[in-house]
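Bear in mind that the values in this text are calculations on the coordinates, not laboratory data. Computed from a predicted structure; not experimentally measured. Virtual Cβ from ideal backbone geometry, glycine too; neighbours counted across all protein chains shown.
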Amino acid sequence: MGFRRMGWHELLWVGRLLVLMQLLHGVFGWGKDGHFAVCKIAEEYLTKDALATVKELLPDSAGGELASVCSWADDVRWHYHWSSPLHYVDTPDFKCNYKYCRDCHDAAGHKDHCVTGAIFNYTKQLFSAYQGYSPQLSYNLTEALMFLAHFIGDVHQPLHVGFLGDLGGNTITVRWYRRKTNLHHVWDTMIIDSAVKTLYGSDLATMIQAIQRNITDAWSNDVSSWENCGHNQTVCPNLYASESVRMACKFAYRNATPGSTLEGNCQDC
């Protein structure tokens, strides 16, 4: 398969839009709807050549739409058991900071087995084809694209860079309105579900359009800073993770004690 020259960073920087989703009525969410929204927006910002190359890599089941496979990495994590640690990175309790050398490992201590390590890895795999290298290993670039698109979303979910002691909020039992759940699930799914229902007439497309309007209007001056990592880096997941753990401390963990009830605008949670 021949690959067109393209900027893969065009896909990568779109995930940074999630950092600003708090401005949109406090919406965060990275279940199926959240990942779909990220990739749907990303598609709009790919160049013609970039989009064509993405479509070449997509499986037939995607119907030519990146957004339709952005939850694939969640769907296969029980089949690809090795991939489970790649969805998150745990940080020391209450430190509210992230360091790659300290934090990026799985429960068995294998280095680079975390969400930031995965972003570096799958970016490298895609660039090996893009830059015409002949790697010793034959990479599955379709899976690399689907993993990368998903993990860019995951690293921007604050509790995917949460505390080790509570497994990113998974062991903190809370209520979202009347429903008993855990803090991680609230931020993964329930906040965005409630927002789509109450703020956007149960229409995910309307929410996506609202975010797109903010990109072209309210956030337009920030777009150029999202497009580049600085220091000639192609991708900067360490920066993303550092931002996310600060968000976790500032918003997700605030007032979220075991047994507490969370509701309304999550900036007030």
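Rounded, prolate or oblate, given the Cα gyration tensor of segment 156-269, with a/c below 1.5 counting as rounded? Mind showing how you got there, number by number?
Numbers: a/c = 2.68, a/b = 1.27, b/c = 2.11.
In terms of gyration-tensor shape, oblate.
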List the lysines whose Cα lies under 26 Å from the Cα of Lys99, skipping any in the same chain that are fewer than 8 positions away.
Lys111, Lys124, Lys250
Please turn the phi angles of segment 215-224 into ³J(HN,Hα) values with the Karplus equation 6.51 cos²θ - 1.76 cosθ + 1.60 (θ = phi - 60°), one per residue in order, whole Hz, x for glycine and proline.
5, 7, 10, 4, 9, 4, 6, 8, 4, 4
Assigning unit charges at the beta carbon (Lys, Arg +1; Asp, Glu -1) and nothing else, what dipole magnitude in debye, to the nearest 20, does segment 143-224 show about its Cα centre?
480
Add +1 for every Lys or Arg and -1 for every Asp or Glu among the other residues with Cβ under 13 Å from the Cβ of His184, and state the total.
-4
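Which net charge results for the neighbourhood of Gln233, defined as the other residues with beta-carbon distances under 13 angstrom from its beta-carbon, given Lys and Arg at +1 and Asp and Glu at -1? Don't jump to the answer; show the numbers that get you there.
Values: positive: Lys124; negative: Glu227.
With Lys, Arg at +1 and Asp, Glu at -1, the net is 0.
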Could you run the Karplus curve 6.51 cos²θ - 1.76 cosθ + 1.60 with θ = phi - 60° over segment 118-129 and give me ³J(HN,Hα) per residue in whole Hz, x for Gly and Pro?
5, 5, 4, 5, 6, 5, 4, 4, 5, 5, 4, 7
Please compute the net charge surrounding Asn97, taking Lys and Arg as +1 and Asp and Glu as -1 over other residues with Cβ under 13 Å from its Cβ.
+1
Against the 2.2 N^0.38 Å scaling, with N counting residues, where does segment 9-268 land? I'd like the Cα-based Rg ratio to two decimal places.
0.97
What order do you get for Leu167, Leu66 when you list them from fewest to most C-beta neighbours inside 10 Å?
Leu167, Leu66
Residues whose placed amide H lies under 5 Å from that of Phe163, excluding near-sequence neighbours:
Thr91, Gly168, Gly169
